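S.K.: Okay, handing you the structure first.
Every number here is computed from the coordinates shown, using simple stated rules; none is lab data. In this text, all values refer to a predicted model and were calculated from it rather than measured experimentally. For neighbour counting, all protein chains shown are included, and Cβ atoms are generated from backbone atoms with ideal geometry for every residue, glycine included.
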Amino acid sequence: MTRRRTLFALLGASALSLAIALPALAVNRGSRAPEIGLEDQNGNPVRLSALRNKVVLVDFWASWCGPCREEMPVLERFHQEYADDGLVIVGVNIDREQGNMRRFLRRTPVSFRIVHDGSHQVADRYQPPRMPSSYLIDKRGVIRYVHAGFRSGDADDMEREIQQLLR
């Protein structure tokens, strides 16, 4: 019986330590950005490893998210203004149904790359704290800034950070 109790105690301790460690797996400033590895709306693979020497903004969003509707035109403006300077924006939609994403994009069209992450394989790697969440990644693939949520005043901060990373 003592062997069994010891085994259960070890299993319980392992499970507890894993549960405590899981939130620590979320990526933060200074972390290497996890790979995306999905195809965009045109069927082209989106791989961060292929975007070295570019500044990348990875933005997690959903069709049901009000602040995402406010943020999308801002991201489109950043794309228009800074793409030639080396900024790449990748929108990662987390809606389960791709049709919801498509309807959203018909009402709010953008020209930057969008991937659908209905199974949350990319979101599970990044663990975005809320919708939308943006990760600004430097030219070496390291996350330098994380924005959880979006308010209109955030656009100026994000633009300054983009400019700084593009230098």
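S.K.: Which value in nm describes the separation of the simple spin-label points at ARG102 and LEU166, placed 7 Å from the Cα toward the beta carbon?
M.R.: Going by the 7 Å Cα→Cβ label model, 3.3 nm.
S.K.: Kindly work out what percent of the DSSP beta bridges joining two residues of the stretch 49-167 are antiparallel, to the nearest 5.
M.R.: Values: 10 of 21 bridges.
If I count the DSSP bridges inside the stretch 49-167, around 50 percent turn out antiparallel.
S.K.: Separate question: Counting only residues 5 or more places away or on other chains, whose amide H sits under 5 Å from the amide H of GLY149 once H atoms are built in the peptide plane?
M.R.: ARG130, SER133, SER134
S.K.: Apply the a/c threshold of 1.5 to the C-alpha gyration tensor of the stretch 97-167 and tell me whether it is rounded, prolate or oblate.
M.R.: Values: a/c = 1.85, a/b = 1.44, b/c = 1.28.
Judged from the Cα gyration tensor, the stretch 97-167 comes out prolate (a/c at least 1.5, a/b above b/c).
S.K.: Taking 0.36 nm per residue of sequence separation and subtracting the Cα-Cα distance, how much length would be gained by fully extending the chain between GLU70 and ARG52, in nm to one decimal?
M.R.: Working: separation 18, 0.36 × 18 = 6.48 nm, distance 2.90 nm.
Gain on stretching GLU70 to ARG52: 3.6 nm.
S.K.: Between GLU159 and GLN127, what length in nm is gained on full extension when 0.36 nm per residue of separation is reduced by their alpha carbon distance?
M.R.: Details: separation 32, 0.36 × 32 = 11.52 nm, distance 2.32 nm.
Extra length from GLU159 to GLN127 when fully extended: 9.2 nm.
S.K.: Show the residues, 5+ positions off or on another chain, whose built amide H is closer than 5 Å to the amide H of ASP40.
M.R.: VAL46
S.K.: Given 0.36 nm per residue, what is the gain on full extension from ASP84 to VAL142 after removing their alpha carbon distance, in nm? Numbers along the way, then the final one.
M.R.: Working: separation 58, 0.36 × 58 = 20.88 nm, distance 2.09 nm.
Length difference between fully extended and current span is 18.8 nm.
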